[in-house]
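These notes concern the structure reproduced below.
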Amino acid sequence: MTTPHRSLYSYGWDVLDTGVTAFIDQLQARNLNGITLASSYHAGKFLRPHARQGKVIFPEDGVVYFEPDARQYGELQPQPHSTPALRRVLDEVLDDGRVAVHGWTVLLHNSRLGQLHLDYVTRNAFGDPYLYSLCPSQPAVFDYAVSLCRDLSSQYPQLSSLVLETPGWLPYAHGYHHEFAQLRSNAWLDAQLGLCFCDACHHLGGLAGLDVAGLQQRIATRIDRYLRAPVDASSTQALHWLASDLLEDDTLRQYHQLHQARVTALVQHIRTALPASMQLTVIPTVQRPTAHCWTEGSDLKALAQVADRLEVPFYEPNADQVAADALDLLQRGIPADRIRAILRPGPPDLADGQQLDAALRALIALGITEFGFYNHGLLRPHLLDQLGQTLSSYTRNLS
């Protein structure tokens, strides 16, 4: 009987730092049978507790970690990482052959391409561009995302799956390198600021018979009035405002549904572009709870139908909240066998990793038996060892 998915999210620089053979030795010693390896990624600043070289690393922005075939692409072209050794890690891990390899593919979170192609980024209700968020309503962006996945899958048919991150619009409070504000954020404000009104979104809305210009003006007025007011909404108030807006403004609701249909279509086109033997999983959100993913254009039920699985980050402070979020997905009609859980077995989640066992038990009780864990290079060594020890007790339960 095949052992269910137990994979560790990893970056190529961590694999190189350890050495491919030793890295996979460690995976297997920790009862893991897969590596979810970044093949396309964004900028960041990472503290690496057990690194031999480079305790703090700044990844190159918006690059791929393989040799892209330029003939596969149109106006938007991927840029390979400048270090040849990092572009070979995927080949070397696949050549080792001892664990399943999953291509972790960041699609539209790409400040490098955004800066080069300002016409193709998300624009808020005031017309301000978000450099980090390519808009999937733009045909060139849509084609780039499909081409990237086709290129990666055609060059590496041995991949067990592609794991898509950011197939839609990034929320306002995520994605850029040094974000400033001197007012408190909330879910309502972030949702309004994150809504895209670029020319392509206007066009799609117009085709659907929506008054997008009127909606844009209403959203801009609401945001401006709130920003000028000497008040801060509580988290509860903000959530009620979100619900009221959707109930009272049919155009707003339909505009969000239009965005959801666009993301679903993108994932469906990617699924068609992949070999039938290669699974496609989708990370539907970068937010908590998962149900808030609609602000990014994710329709959970539709995505679960066009992809093979949803790979859901249950990034919660305790096991009870993990279980509650998972239950919500099941009640929304997502089958348990279409859900793969991502857990962070250390700070800031699960009582700094001490409730990992409880979270696993809760998810298994709900029928969710496939797990990814985040992230090899960011966790202290004792937490990686603790992960392995915890998983050892589930070998029988998860097979």
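The values are calculated or read from the model by the stated rules, or taken from the named source; none is laboratory data. Source: prediction; values computed, not measured. Methodologically, a virtual Cβ is constructed for each residue, glycine included, from the backbone with ideal geometry; neighbour enumeration extends over all protein chains shown. What goes into the accessible areas is simple: the full protein's heavy atoms, side chains included, and nothing from ligands, DNA or RNA. Shrake-Rupley method; radii C 1.70, N 1.55, O 1.52, S 1.80 Å.
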If the requirement is being assigned to a loop (DSSP other than H, G, I, E, B), more than 22 Å from the chain's Cα centre (by Cα) and among the small types (G, A, S), which of these qualifies: A358, A362, A351? A351
Of L183, L162, L134, which residue is in contact (Cβ under 8 Å) with a residue 24 or more places away in the chain and within 30 Å of V231 (Cα to Cα)? L183
Residue check: is S161 of a type outside the set (V, I, T) and out of contact with any His (no Cβ under 6 Å at 6 or more places or on another chain)? no
Just the residues that are touching a helix residue (DSSP H, G or I) at 6+ places or on another chain (Cβ under 8 Å), in contact (Cβ under 8 Å) with a residue 12 or more places away in the chain, open to solvent by 20 Å² or more (accessible area, probe 1.4 Å) and not in a loop (DSSP other than H, G, I, E, B), please, taken from the stretch 203-212. L204
Of a type in the set (S, T, Y) and either surrounded by fewer than 17 Cβ atoms within 10 Å (Cβ to Cβ) or out of contact with any strand residue (DSSP E or B) (no Cβ under 8 Å at 6 or more places or on another chain) (or both) - does that describe any residue in the stretch 26-36? no
Need pairs with beta-carbon distance below 9 Å; first residue among the small types (G, A, S) and within the stretch 213-226, second open to solvent by 60 Å² or more (accessible area, probe 1.4 Å) and at pLDDT 95 or above; sequence gap 6+ or separate chains. A220/F126
So in the stretch 142-194, with the set limited to residues that are part of a loop (DSSP other than H, G, I, E, B), among the polar types (S, T, N, Q) and modelled with pLDDT of 95 or more, which one is least open to solvent (accessible area, probe 1.4 Å)? T166
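Residue-by-condition table, conditions (1) free of Cβ contacts under 8 Å to residues at least 40 places away in the same chain; (2) of a type in the set (A, V, I, L, M, F, W, C); (3) buried (at least 20 other Cβ atoms within 10 Å of the Cβ):
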residue	(1), (2), (3)
H240	yes, no, no
A243	yes, yes, no
D250	yes, no, no
H259	no, no, yes
V263	no, yes, yes
Just give me the residues in the stretch 275-316 being more than 13 Å from the chain's Cα centre (by Cα), open to solvent by less than 50 Å² (accessible area, probe 1.4 Å) and of a type in the set (S, T, N, Q), in sequence order. T295
Select from the stretch 131-141 the residues that are open to solvent by 20 Å² or more (accessible area, probe 1.4 Å) and touching a strand residue (DSSP E or B) at 6+ places or on another chain (Cβ under 8 Å) and list them in ascending order. L131
Look at the stretch 4-22 and say how many of its residues are assigned to a helix (DSSP H, G or I), touching a Phe, Trp or Tyr at 6+ places or on another chain (Cβ under 6 Å) and either among the aliphatic types (A, V, I, L, M) or open to solvent by 30 Å² or more (accessible area, probe 1.4 Å) (or both). 1
Could you check how many residues of the stretch 351-369 are of a type outside the set (S, T, N, Q) and open to solvent by 30 Å² or more (accessible area, probe 1.4 Å)? 9
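Conditions (1) of a type in the set (A, V, I, L, M); (2) at pLDDT below 95; (3) open to solvent by 10 Å² or more (accessible area, probe 1.4 Å); (4) within 27 Å of H382 (Cα to Cα), marked per residue:
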site: T2; (1), (2), (3), (4): no, yes, yes, no
site: I24; (1), (2), (3), (4): yes, no, no, yes
site: D69; (1), (2), (3), (4): no, no, yes, no
site: Y73; (1), (2), (3), (4): no, no, yes, no
site: L76; (1), (2), (3), (4): yes, no, no, no
So, in the stretch 101-130, how many residues would count as being out of contact with any helix residue (DSSP H, G or I) (no Cβ under 8 Å at 6 or more places or on another chain), surrounded by fewer than 20 Cβ atoms within 10 Å (Cβ to Cβ) and farther than 19 Å from V212 by Cβ? 4
